[in-house]
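Below is one structure, written out as structure tokens; comments come after it.
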């Protein structure tokens, strides 16, 4: 993130300009993408689950969208209680929801996601990773670069008995990863700056507990989603592999991740 | 104690050389600039009748021992009036010469290295030197003349682009350059992330870049040595000079401490704090400044003392939310002592420090990191005869590394203070080097450096199962950090790792005739420190790390051969070289490695190798109203990190891939034309193959994010880079005969306004939700005016 700031600063400062250009790109073979992150709001009443198994296919970079992967068999197995939760696709959307509402029933279990698609079986495991509540969110009046950002101040208190990794969701595709290495057991306050947000809009901040591997995975993905190819302050980007394996043909590995997070959220209306 | 022994052995070797016949006498002294009493580096004292000569050293000293007799001598350096004199050498003689600047002082040839017969015969190759006045003539962006930007015009030297810090020599990484300012190591050579270098051109006397055939005197870095000497100051009269530019202003004061005995120099440079203000509101500041100081005092004919200092900082303050400060400080005490007419010595005591500080108020922390070192050097030059010169010395550096420290920046911050483990090391080197003319045709320079590196004890060192900090996850086919099984604490006096190396260096020159020569060189070098950086050019927050239990020293073997020719009374010259280099223990980082505040860097890299080879051609015209050079480099630079065992793929499937600084073609043209005394013009043209990068081969969606899919490393390239710069210098006629002299430099950078891509960003447009390739280019056409004055 600090590198991002540098680049931004550099470009802004030196009248550097940005323009959209046409680039001819190589293409790679199509891969199955498994997007299966579940946020469990155990302390809400009623308890809530955020998430689904979203299956899609990779596509050439300049395609307008990535196609859904339809007609897969999807289920999650509670390996400890030996229970199986079937998922079904919602109308050819590639989005698979549990058939019953009781998934997952046991916080301590190890869960295994199985996807059977186009003759290949894909598997991955996850445990529910604990999190902490958000103490408070409020609106501040600081700005960062341009002077018209909206500051949101987030407060939460870390659990001092564990090494924690968090994934914050601050909007539809705004994420932030943080770990408690430098604030273990403390109340931690940070500011997030929104660009172009209008008064009256409600924003929801969610905190998800994640493990070290998924934290690293998301950290890299967030960077790559706005990645600068070849910029002087960027490292060479590479394809990141997640925790799903193709058990039929291991070489044809899928993209994506299966993970379960305990989650908390708080909302606020922008003034 | 052991070190004393080493010195003893060294002196023993030296005293073992036979004494000389009594028929020989020594001529020695200094060459100084008449106007300022400043010593001159690289002046030739030639004895045409003998076809021999000597060149002044870094402190302006020369010594030559010849058979008794009367000789005609010629003392000269480009830009100065030649002195011709007949001397009788019937006893040992000390003669100092004062050189007058030639009347067309501004006409000084850009590359001062005199390519006369003597130069052709010298075994040194792969060296370029530039004088400060020539650096100031090269058109640059915003008219801010710059040492590093100037050397980029030389063959074999490139950078990662505009706004990229550091430079790459012969396909080497930026951290493989040994940058010395008055013998002190500079760890970060850039201001404003690389837009400008930290060296104030007003305070600089001379720079020399060694790309290969590096003498045994230098060690510790693989690719190059950039040796920069600051001016000593004018010991005759008080002088003031300066300039007002588009980005910064400069002022330099110099004058005598005691007439012709001692001088001071103080130079400052600062950019304007409002540099960014047109774009941001007034709460923001971004600026840099630096200060160069120097004192010298000549105690007597045999002793000279020099004190020099450098202090520079960059400061960014964005809404008090993001405060970033970094820079170098250097302090240096030197003592030149003549043991005899033939034995010159210099003792240097150097302290140097690089500091990086960052405060992020919106997260509530302060961060600082840095490196500090104490350096003692004792170097001798022994001018034994006109065919044999011996250089020897010892260097010792004590390094202290602060990889990072975090503190809460205010009461309410949740950050708890923490510190990454400090690291300590000692680096020692002893060398002996000879410059030996075997015959009229053949001369050699050969030497040996012995280096010893001790990683000293630290508080906490992680220990891993099977000593393996990186594990390969067979299931996901990825490399992962191993979890330490414990940590060990050591006393400072403990040795965590010790490395020793012998570094042979040899170069030879064979004169084919008076006009052309063939040269060859081999050097073996060892580098014990590396900059932890996985970006294509270093960032100010990258930290230096010493070799130790997990990081092995990098080793280099470089071979080069070259052909050198002068035409038309040395008006034109051509230098061509071919080199090959091979580097082992070049580390590369595993996919997704995060290096910032990483306390266990061993968990994110694997050991590999690198190689580079190329052809360099430099064609120059050195005299006349129209001067300049054309350089062309054809090269390849690649690296490879194979799996440690066969079931592991390594990085990039263990295949060779282009390093981030691989540039196939690199062409630079630099010309200057002196129209009349009033106007002179300069032009540059630069062409470089685009820098290697990764373009996406596809896309996928994860949690509503559009993620590009990347293939193997550095398989594609940014578009080619090229631009044309022009500048015109106006020296008003009224300057003549008055003390206050002025000069206007008008320049246009990137004349045809090419949008050279600094990066291409592949992402989804936030508004249209369409994927696009966005090119970021830093400088379009940039006109500027600089006003320089001298008093």
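The values are calculated or read from the model by the stated rules, or taken from the named source; none is laboratory data. This is a predicted model, so every value here is computed, not measured. All Cβ positions, glycine included, derive from the backbone under ideal geometry; neighbour counts span all protein chains shown.
Listed here are the residues, each with its yes/no results for (1) touching a strand residue (DSSP E or B) at 6+ places or on another chain (Cβ under 7 Å); (2) part of a strand (DSSP E or B); (3) closer than 29 Å to residue B:578 by Cβ; (4) modelled with pLDDT under 90.
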| residue | (1), (2), (3), (4) |
| --- | --- |
| B:162 | no, no, no, yes |
| B:188 | yes, no, no, yes |
| B:216 | yes, no, yes, no |
| B:222 | yes, no, yes, no |
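Each residue in the range B:748-791 was checked for being in a loop (DSSP other than H, G, I, E, B) and buried (at least 21 other Cβ atoms within 10 Å of the Cβ), and 6 of them qualify.
The set of residues in the range B:632-647 being out of contact with any helix residue (DSSP H, G or I) (no Cβ under 8 Å at 6 or more places or on another chain) and in a loop (DSSP other than H, G, I, E, B) consists of B:644, B:645, B:646, B:647. Applying the condition of being in a loop (DSSP other than H, G, I, E, B) and touching a strand residue (DSSP E or B) at 6+ places or on another chain (Cβ under 7 Å) to the range B:391-415 and asking which residue is nearest to the other protein chains (Cβ to nearest Cβ) yields B:414. Does residue A:34 meet the test of being more than 7 Å from every other protein chain (Cβ to nearest Cβ), at negative phi and modelled with pLDDT of 90 or more? Criteria met by residue A:34. Inside the range A:182-205, residues that are part of a strand (DSSP E or B) and more than 7 Å from chain B (Cβ to nearest Cβ) make up a count of 7.
Taking the range B:673-732 and the strands (runs of 3 or more DSSP E) fully enclosed by it, the elements with 2 or more residues that are facing chain A (nearest Cβ under 7 Å) and more than 26 Å from the chain's Cα centre (by Cα) are at B:696-702, B:705-710.
Scanning the range B:353-374 for residues that are within 30 Å of residue B:446 (Cα to Cα) and either buried (at least 20 other Cβ atoms within 10 Å of the Cβ) or at pLDDT below 95 (or both) yields one hit, B:373.
What about residue B:540, is it under 25 Å from the mean Cα position of the chain (by Cα) and modelled with pLDDT under 90?
Values: under 25 Å from the mean Cα position of the chain (by Cα): yes; modelled with pLDDT under 90: yes.
Against the criterion (under 25 Å from the mean Cα position of the chain (by Cα) and modelled with pLDDT under 90), residue B:540 qualifies.
Every listed requirement among (1) outside any loop (DSSP other than H, G, I, E, B); (2) within 14 Å of chain B (Cβ to nearest Cβ); (3) out of contact with any helix residue (DSSP H, G or I) (no Cβ under 7 Å at 6 or more places or on another chain) is met by residue A:167 save one, (3).
Does at least one position in the range B:461-469 carry a residue that is under 31 Å from the mean Cα position of the chain (by Cα), assigned by TED's automatic domain parsing to the domain that holds residue B:390 and surrounded by 14 or more Cβ atoms within 10 Å (Cβ to Cβ)? Within the range B:461-469 (the criterion being under 31 Å from the mean Cα position of the chain (by Cα), assigned by TED's automatic domain parsing to the domain that holds residue B:390 and surrounded by 14 or more Cβ atoms within 10 Å (Cβ to Cβ)), the answer is no, since none of the residues qualifies. When you scan the range B:438-484 for strands (runs of 3 or more DSSP E) that lie fully inside it, which ones turn up with 3 or more residues that are farther than 18 Å from residue B:588 by Cα? Output list reads B:442-456, B:461-463.
For the range A:112-124, does any single residue satisfy the condition of being in contact (Cβ under 8 Å) with a residue 60 or more places away in the chain and within 30 Å of residue A:188 (Cβ to Cβ)?
Residues of the range A:112-124 that are in contact (Cβ under 8 Å) with a residue 60 or more places away in the chain, as a first pass: A:113, A:115, A:117-124.
Those left that are additionally within 30 Å of residue A:188 (Cβ to Cβ): none.
For the range A:112-124, residues in contact (Cβ under 8 Å) with a residue 60 or more places away in the chain and within 30 Å of residue A:188 (Cβ to Cβ): absent.
Just one of the listed residues (B:299, B:343, B:338, B:349) is more than 14 Å from chain A (Cβ to nearest Cβ), at pLDDT 90 or above and under 24 Å from the mean Cα position of the chain (by Cα), namely B:349. Taking (1) within 13 Å of chain A (Cβ to nearest Cβ); (2) crowded, with 22+ Cβ neighbours inside 10 Å in turn, residue B:745 satisfies each apart from (1). Among the residues of the range B:470-489, those identified as surrounded by 13 or more Cβ atoms within 10 Å (Cβ to Cβ) and touching a helix residue (DSSP H, G or I) at 6+ places or on another chain (Cβ under 7 Å) are B:470, B:481, B:482. Being more than 8 Å from chain B (Cβ to nearest Cβ) and surrounded by 18 or more Cβ atoms within 10 Å (Cβ to Cβ) is the filter; apply it to the range A:135-162 and report the residue that is farthest from residue A:202 (Cα to Cα). Top of the filtered list is A:156.
A quick yes/no check of all residues on (1) surrounded by fewer than 21 Cβ atoms within 10 Å (Cβ to Cβ); (2) within 20 Å of residue B:533 (Cα to Cα); (3) touching a residue at least 40 places away in the same chain (Cβ under 8 Å); (4) within 13 Å of chain A (Cβ to nearest Cβ):
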site	(1), (2), (3), (4)
B:619	yes, no, yes, no
B:640	yes, yes, no, no
B:645	yes, no, no, no
B:648	yes, no, yes, no
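Is the range A:234-246 home to any residue that is over 21 Å from residue A:112 (Cα atoms), surrounded by 21 or more Cβ atoms within 10 Å (Cβ to Cβ), touching a residue at least 60 places away in the same chain (Cβ under 8 Å) and within 12 Å of another protein chain (Cβ to nearest Cβ)? Yes, there is a match, as at least one residue in the range A:234-246 is over 21 Å from residue A:112 (Cα atoms), surrounded by 21 or more Cβ atoms within 10 Å (Cβ to Cβ), touching a residue at least 60 places away in the same chain (Cβ under 8 Å) and within 12 Å of another protein chain (Cβ to nearest Cβ).
Farther than 17 Å from residue B:197 by Cβ and either in contact with a strand residue (DSSP E or B) (Cβ under 9 Å, 6 or more places away or on another chain) or at pLDDT 95 or above (or both), is that true of residue B:328? I'd like the intermediate steps shown before the answer.
Numbers: farther than 17 Å from residue B:197 by Cβ: no; either in contact with a strand residue (DSSP E or B) (Cβ under 9 Å, 6 or more places away or on another chain) or at pLDDT 95 or above (or both): yes.
It is false that residue B:328 is farther than 17 Å from residue B:197 by Cβ and either in contact with a strand residue (DSSP E or B) (Cβ under 9 Å, 6 or more places away or on another chain) or at pLDDT 95 or above (or both).
Taking the listed residues B:196, B:142, B:187, the one that is within 14 Å of chain A (Cβ to nearest Cβ) and within 20 Å of residue B:328 (Cβ to Cβ) is B:196, with no other qualifying.
I'd like the residue in the range B:559-586 that is at pLDDT below 90 and either more than 11 Å from residue B:516 (Cα to Cα) or within 14 Å of chain A (Cβ to nearest Cβ) (or both) and, out of all such residues, is surrounded by the most Cβ atoms within 10 Å (Cβ to Cβ). The extreme case among them is B:572.
In the range B:405-429, the qualifying residues are those that are surrounded by fewer than 22 Cβ atoms within 10 Å (Cβ to Cβ) and in contact (Cβ under 8 Å) with a residue 60 or more places away in the chain, and the one that is farthest from residue B:510 (Cα to Cα) is B:406. Do the conditions hold for residue A:15, that is, is it more than 7 Å from chain B (Cβ to nearest Cβ), at pLDDT below 90 and over 24 Å from residue A:169 (Cα atoms)? Answer is yes for this residue. Where residues in the range A:259-269 are over 17 Å from residue B:704 (Cβ atoms) and crowded, with 18+ Cβ neighbours inside 10 Å, which of them is nearest to the other protein chains (Cβ to nearest Cβ)? Per the criteria, the residue is A:260.
Going through the range A:89-105 one residue at a time, which ones are more than 14 Å from chain B (Cβ to nearest Cβ), without any contact (Cβ under 8 Å) to a residue 60 or more places away in the chain and surrounded by 13 or more Cβ atoms within 10 Å (Cβ to Cβ)?
In the first step, residues of the range A:89-105 are kept if they are more than 14 Å from chain B (Cβ to nearest Cβ); the result is A:89-92, A:96-105.
Next, only the ones that are without any contact (Cβ under 8 Å) to a residue 60 or more places away in the chain stay: A:89-92, A:96-103, A:105.
Scanning the range A:89-105 gives A:89, A:96, A:97, A:98, A:103.
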